[in-house]
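Working notes, structure below.
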Amino acid sequence: MPSLNGVPLSCEEILDRYGPLVYRMAIQGTGSVADGEDVAQEVFVSLIQSDPPFTDDTHLRAWLIRATANRCKSWGRSFWRKRTVPLELNQAAAPPPPENTDVLAAVAALPAKYRWPVYLHYIEGYTAAEIGQLLGCPRNTVLSRLSRAREKLKAALKEEWT
């Protein structure tokens, strides 16, 4: 079992605290509810099997975010993913609020290198420096990607509204 400052955490406790975060990220990263569920499950199985010791709550949260992003990347490169045709039901992510449909669809259409910083900054509330640590890139790279992502979103949404 993973431990926090030497105190073991139960599976239920971990899922209650971090399940929604990992699940949202996995759906965002895969673009599919079914695939997102699979990725989220793999992340938690990996956490339980590896049993890393965490110094604090932030360390555990960062590990889960990094593991989810990495699993989504692996999922995107998967041989089987490229060979199968998704069902129409699997193509739709969790239904967003009606007023944000266009924005969320535009964010989901961004390449992963832009989508993750946007998601972590605007949805999860991380700073550029924190995102850089989580994704393993410099703070200025994160800021550049956020800026480019905003430009891409602006262009995509402008096309949609005209």
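When the range 25-58 is filtered for residues that are on the phi < 0 side of the Ramachandran plot and among the charged types (D, E, K, R), the ones remaining, listed by number, are Asp35, Glu37, Asp38, Glu42, Asp56, Asp57. Taken residue by residue, the range 33-46 has no member that is modelled with pLDDT under 85 and over 29 Å from Ala105 (Cα atoms). For the range 5-12, check the following and say yes or no: at least one residue is outside the structural domain of Trp116 (by TED's automatic domain parsing), assigned to a helix (DSSP H, G or I) and either surrounded by 14 or more Cβ atoms within 10 Å (Cβ to Cβ) or not hydrophobic (A, V, I, L, M, F, W, C) (or both). Yes: one or more hits. For the range 38-49, indicate whether the set of residues that are surrounded by fewer than 22 Cβ atoms within 10 Å (Cβ to Cβ), in contact with a strand residue (DSSP E or B) (Cβ under 9 Å, 6 or more places away or on another chain) and either in a helix (DSSP H, G or I) or assigned by TED's automatic domain parsing to the domain that holds Ala108 (or both) is non-empty. No, the conditions are met nowhere in the range 38-49.
Would you mind stating whether Ala149 is over 23 Å from Gly36 (Cα atoms) and either buried (at least 16 other Cβ atoms within 10 Å of the Cβ) or modelled with pLDDT of 75 or more (or both)? In short, no. Within the range 52-69, can one find any residue that is buried (at least 19 other Cβ atoms within 10 Å of the Cβ), in contact with a Gly (Cβ under 9 Å, 6 or more places away or on another chain), modelled with pLDDT of 75 or more and closer than 23 Å to Leu104 by Cα? The answer is yes; a qualifying residue exists. Residue check: Leu89 meets all listed conditions (1) part of a helix (DSSP H, G or I); (2) at pLDDT below 80; (3) surrounded by 10 or more Cβ atoms within 10 Å (Cβ to Cβ); (4) of a type outside the set (S, T, N, Q) but one, namely (3). Figure legend. Inter-residue proximity from the range 50-61: first residues over 17 Å from Glu130 (Cα atoms), second residues surrounded by fewer than 10 Cβ atoms within 10 Å (Cβ to Cβ), beta-carbon distance below 8 Å, spacing 6+ or different chains. Indicated pairs: Pro53/Gly6.
Just need a number here: residues in the range 104-127 that are part of a helix (DSSP H, G or I) and surrounded by 19 or more Cβ atoms within 10 Å (Cβ to Cβ).
So the answer is 10.
The values are calculated or read from the model by the stated rules, or taken from the named source; none is laboratory data. All values reported here derive from a predicted model rather than from experimental measurement. Quick reminder, even Gly has a Cβ in these numbers, built from the backbone with ideal geometry, and neighbours come from all protein chains shown.
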